[in-house]
Amino acid sequence: MADVVDSATRSRMMAGIQGKNTKPELLVRKYLHSRGLRFRLHAKELPGKPDLVFPKYNTVVLVHGCFWHRHAGCKYAATPSSREQFWTNKLSENVARDSYQIAALSGLGWRVFVMWECELREGMARLDLLYSEITEDVK
């Protein structure tokens, strides 16, 4: 199947994809901040530079896009039909990197929570649960 846009347009579109301060990440940050949680952003000294770091709770939150991080069973994680081998390799490398970074963070004693982009489309219930998960067992 041919791409619906020309290669120059597709290149420009792909170059505009951000790694930090994405809409889902900003939504999570705004919600948790409004609930009184304070955090650090993209801590360079931690494996993978987690999106949100809560030192008080010894917790990190990774906000993952379903496409880029291959959310299992999610309709947004479809593999493009053009250049299928390229995308399969690229996206599987992302998943392997995520697994390594989560294991490294856990090995350092951090609690790791992953927020998926699609979960944010379903309303505030998942954000309420995330808040509870972050703050549980902390006195």
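Coordinate-derived values only; no laboratory data. What you see is a predicted model; the values in this text were computed from it and never measured. Counting neighbours? That spans all protein chains shown, and the Cβs are built from the backbone with ideal geometry, glycine included.
Details
- In this structure, Gln101 qualifies as part of a helix (DSSP H, G or I), buried (at least 16 other Cβ atoms within 10 Å of the Cβ) and free of Cβ contacts under 8 Å to residues at least 60 places away in the same chain.
- Filtered residue count, segment 70-95, keeping only those that are of a type in the set (A, V, I, L, M, F, W, C), in a helix (DSSP H, G or I) and under 15 Å from Val114 (Cα atoms): 1
- Subset of segment 61-95 [in contact with a Leu (Cβ under 6 Å, 6 or more places away or on another chain) and touching a residue at least 60 places away in the same chain (Cβ under 8 Å)]: Val61
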